[in-house]
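Reading through the structure tokens given below for one structure.
The values are calculated or read from the model by the stated rules, or taken from the named source; none is laboratory data. These numbers were taken from a predicted model, which means no experiment stands behind them. Glycine gets a Cβ as well: all are built from the backbone with ideal geometry, and neighbour counts include every protein chain shown.
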């Protein structure tokens with residue numbers, strides 16, 4: 001399987017990222033993609049990718065940091081994105097959820113930073129990895145507005161949650177849909193009206209990719225501990241159960257999906 005979104009470049013893995021990588025590879029994970037959320041974590045993702053054949057990087061400025069991306073950020077991001085191990089621009093998008101640790105960045109500012117990164121992905125012919133929380137309608141509208149510069153396989157929605165209408169909008173634009181460990185949680189995602197298993201049932205298997213968002217969103221039965229890339233296999237098993245497929249079918253198809261999307 002492939003973990004298309006994790007953060008081994010974050011502080012939680014500072015002391016044992018190598019052990020976490022080796023654990024994942026020994027348990028059947030083929031490739032791991034580390035994702036930046038601002039310039040420094042994007043740089044770290046690139047550096048990690050250069051240390052292992054099986055690691056790749058995605059670079060970008062998360063909507064939480066849209067109000068403080070740094071001086072010359074788009075030029076710095078473009079230089080990082082030219083590295084041969086960088087496979088997408090992300091995680092980029094919009095986030096209208098108020099966190100205890102991070103208030104809502106002014107939506108106008110978020111949109112400006114998002115659109116600049118859509119344009120960067122176009123210039124470099126890279127897919128997008130979309131972050132969406134409670135902002136699906138605006139994201140779909142922005143993507144439709146830029147449809148003429150999106151790739152045929154324009155990218156993926158990371159850790160998808162939202163309505164069936166947002167799902168249809170994303171699929172109609174050609175995007176893949178990512179599922180994480182929170183698909184194993186009972187109930188609805190905070191502020192949402194559709195369960196993640198229902199979203200997965202409605203998503204064609206040839207449009208699904210698997211991810212962990214490590215160190216966050218640890219799947220059951222390990223919830224409450226640090227998440228890590230090896231647990232993407234748990235996500236795959238859960239999707240197989242939801243969709244009445246074998247694990248091998250989910251493993252093979254989602255791996256092929258990720259390979260097609262990211263060219264890895």
Worksheet item: Tell me, which strands (runs of 3 or more DSSP E) wholly within region 1-101 include 3 or more residues that are under 16 Å from the mean Cα position of the chain (by Cα) and more than 17 Å from residue 229 (Cβ to Cβ)?
Response: 86-95
Worksheet item: What do you reckon, is residue 116 in contact with a helix residue (DSSP H, G or I) (Cβ under 7 Å, 6 or more places away or on another chain) and in a helix (DSSP H, G or I)?
Response: yes
Discussion item. If I filter region 186-194 for residues that are farther than 28 Å from residue 26 by Cβ, modelled with pLDDT of 95 or more and either in contact with a strand residue (DSSP E or B) (Cβ under 6 Å, 6 or more places away or on another chain) or surrounded by 15 or more Cβ atoms within 10 Å (Cβ to Cβ) (or both), do I get at least one hit?
Written reply: yes
Discussion item. Let me confirm something: among 166, 264, which residue is part of a helix (DSSP H, G or I) and either at pLDDT 95 or above or under 22 Å from residue 37 (Cβ atoms) (or both)?
Written reply: 166
Response to the item:
Every listed condition ((1) in contact (Cβ under 8 Å) with a residue 24 or more places away in the chain; (2) over 29 Å from residue 223 (Cα atoms); (3) in a loop (DSSP other than H, G, I, E, B); (4) over 18 Å from the mean Cα position of the chain (by Cα)) holds for residue 126 save (4)
Worksheet item: In region 103-117, what count of residues is obtained for those that are crowded, with 22+ Cβ neighbours inside 10 Å and modelled with pLDDT under 95?
Response: 0
